[in-house]
Amino acid sequence: RSFGNGIIRYPQAPAHELSKLRYFRLAPSRIVISNIKGWEGAVTTTTEDEHGYIASNRFLQYTSRGNADLNYVKHYLLSETGIGSLGQASPGSADRNRTLSIKNFERIEIPLPDLAEQKRIADYLDTTASTVSQIIRQGANRASLLRSVTHNEQPGVSVPLGELVSRVRRPVPVRTDDSYGLAGVRWYGDGVFHRETRYGRDLSAKTLYEVAPGDLVYNRLFAWK
């Protein structure tokens, strides 16, 4: 899944139902990256739960050489800087055509403290991510939580959203030789992230729109997520 949301485990299927791609066995303690959605943070690490599963050659698998904690590497690649690096390593003219280059991926540089510090950082981020996930997915859901707060603690009238916010558009003409930092919005309320930086000549759009601090931003394709 994109945005670091883990591996999808599909039901078993007979060989004749598989595509003509090549397949490889998964194993615990590997980092796995989708070569077509790497730029969108489709990065995770495997556990014992993946034992016995296979994945196509569209999913790149790596093990540690011994000097890196794979959970630390995963969290770095899912950071704003890491997502930007994955975007730059995934050339293509449109999102659906962007493929992560193995050579470019292996050239990504990351800060590397000693192993003990890597593990400490990764453990902290694992705990934080788990807490956020519980708040978002297990707390009934944000909508029901807000309804509870509104109805029980702050009674008042309901107001259409359009009466509370105004749409803002700050057009930026795309120029061939200028570079532009492109933003995206993660699912499940995980915020804005820097997708990549691209030159105007590589963009199909003629106009972009500036994002400013304090804006409320939603992804029109995945607002439902």
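Candidates are the residues of region 155-203 that are of a type in the set (Lys, Arg) and part of a strand (DSSP E or B); the one that is farthest from the chain's Cα centre (by Cα) is ARG198. Being loosely packed, with under 10 Cβ neighbours inside 10 Å, modelled with pLDDT of 90 or more and farther than 30 Å from ASN57 by Cβ is a description that applies to ARG169.
Being in contact with a Lys or Arg (Cβ under 9 Å, 6 or more places away or on another chain) and open to solvent by less than 40 Å² (accessible area, probe 1.4 Å), is that true of even one residue in region 213-225? Within region 213-225, not a single residue is in contact with a Lys or Arg (Cβ under 9 Å, 6 or more places away or on another chain) and open to solvent by less than 40 Å² (accessible area, probe 1.4 Å).
For region 105-124, a residue qualifies if it is under 24 Å from GLY181 (Cβ atoms) and either at pLDDT below 90 or in a loop (DSSP other than H, G, I, E, B) (or both), and the qualifying residues are ARG107, ILE108, GLU109, ILE110, PRO111. Can you find a residue that is outside any loop (DSSP other than H, G, I, E, B), open to solvent by 80 Å² or more (accessible area, probe 1.4 Å) and either in contact with a helix residue (DSSP H, G or I) (Cβ under 6 Å, 6 or more places away or on another chain) or within 16 Å of PHE193 (Cβ to Cβ) (or both) anywhere in region 87-104? Yes: region 87-104 contains one or more residues that are outside any loop (DSSP other than H, G, I, E, B), open to solvent by 80 Å² or more (accessible area, probe 1.4 Å) and either in contact with a helix residue (DSSP H, G or I) (Cβ under 6 Å, 6 or more places away or on another chain) or within 16 Å of PHE193 (Cβ to Cβ) (or both). Kindly indicate whether VAL32 is under 13 Å from the mean Cα position of the chain (by Cα) and closer than 15 Å to LEU77 by Cα. So VAL32 does not fit the description; no. For region 14-33, the set of residues classified as among the aliphatic types (A, V, I, L, M) and open to solvent by less than 50 Å² (accessible area, probe 1.4 Å) consists of LEU26, ALA27, ILE31, VAL32, ILE33, listed by residue number.
The values are calculated or read from the model by the stated rules, or taken from the named source; none is laboratory data. Note that the structure is a prediction, hence the values are computed from the model and not measured. Neighbour counts are summed over all protein chains in view; Cβ atoms, including those assigned to glycine, are modelled from backbone coordinates with ideal geometry. Note: areas computed on protein heavy atoms with side chains; ligands, DNA, RNA excluded. Shrake-Rupley method; radii C 1.70, N 1.55, O 1.52, S 1.80 Å.
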